[in-house]
Amino acid sequence: MAGHPGRRRCCGPWAGEENRRWLENRRGYAARGLQQRHYVAEEQDTRQVVGYGAVEGVKTPGLFRVFVVMNPALHASELGQLMYGKLSAGLSDLRADKAFAYEWEYDRDILAFFAARGFSEVRRDVQPDGNVYVGVERGLTP
């Protein structure tokens, strides 16, 4: 989050309440009849978590949201490739027709990660605080 003071972020040590809400939402998927897959990458020697990815269904059949959380320097690495491979396998397993992601405009590294994998920008939403949320999506073929 360095370089972006005051901008909201989820899933970090600085975001306690946001983390709690995020986790509650993830835990409620099964109760809502939605499917999901989660993946964690660990450093082999230390077992430190170095990456996280998820595929989560929404109410529209065949449509899934994709999440990737890792150091931006790793997006173009073998780890980034392996994580996207896991996400792709999860999407295939779930018979997804389309995948999408929402990311902050200033998170150019993750937007580039998705663009390199065939995702295209489909929307921009300006938030009340002036930050821009960018929606990207990719159609999937069987």
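Tabulated data for the structure shown
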item: Distance (nanometres) between label positions extended 7 Å along Cα→Cβ at Val126 and Ala76; result: 3.2
item: Neighbour-count order for His38, His75, fewest beta carbons within 10 angstrom listed first; result: His38, His75
item: Linear extension gain, Arg108 paired with Val69, 0.36 nm per residue minus alpha-carbon span; result: 12.7 nm
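Throughout, read-outs are computed from the coordinates displayed, never taken from laboratory work. Remember, it's a predicted structure, so these values are computed and weren't measured experimentally. Cβ sites come from the backbone with ideal geometry, for glycine too, and all protein chains shown count toward neighbours.
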